[in-house]
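The values are calculated or read from the model by the stated rules, or taken from the named source; none is laboratory data. From a predicted model like this one, the values you see are computed outputs, not experimental measurements. FYI the Cβ positions are ideal-geometry reconstructions off the backbone, even for glycines, and counts take in every protein chain you see.
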Amino acid sequence: MWIDTKAKVGSTFQVRVIKEGSYQEFFEHFIDRIVSKDERRVRILTNNADIHILLEHGLDDSVAIYHVDEYFRLLVIPAEMKKSEYEDDCQEWICKIDPEIYVYDSESYFEESEADRYINELAFQEYLESRGYYDAEGI
């Protein structure tokens, strides 16, 4: 839709996908319009010379360890925007999609007592089960 219209700079679409390989699928869908790409982003040409679409893959090492979900953000940007102006911290926009994602990824984990750590691990298992990733019965 944004490819064919004069979309407003700053327009954003964010999504959480539960399917491995989604970034590659997004990439392949826009293959003929790619201006630039790297591990985290694909810049997409539109029919309006003033704007591009930036596809961001929310890669965060601390999240990737524990989660199967993939997070994406499509953002309308000015065509003249430089790569150095991209936002590097994906945590803020990932939290808008999944506010609980960083609850179980705390540096204070190592400062917790063994009892607190056990309670938090149980809560994390419940979190995974609620999203269909973890089967406590299958341990």
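Residues of the range 22-47 that are closer than 22 Å to ASP88 by Cα and either loosely packed, with under 14 Cβ neighbours inside 10 Å or among the aliphatic types (A, V, I, L, M) (or both): GLN24, ILE34, VAL35, SER36, ASP38, GLU39, VAL42, ILE44, LEU45.
Of all the residues that make up the range 1-29, how many are at pLDDT below 85 and in a loop (DSSP other than H, G, I, E, B)? Within the range 1-29, residues that are at pLDDT below 85 and in a loop (DSSP other than H, G, I, E, B) number 10. The residue of the range 69-88 that is nearest to ALA7 (Cα to Cα), among those that are of a type in the set (D, E, K, R) and in contact with a strand residue (DSSP E or B) (Cβ under 7 Å, 6 or more places away or on another chain), is ARG73. Quick one: would you say ASP50 is surrounded by fewer than 14 Cβ atoms within 10 Å (Cβ to Cβ) and modelled with pLDDT under 60? No, not satisfied.
In the set (1) in contact with a helix residue (DSSP H, G or I) (Cβ under 8 Å, 6 or more places away or on another chain); (2) at pLDDT 80 or above; (3) not hydroxyl-bearing (Ser, Thr, Tyr), LYS83 fails one condition alone, (1).
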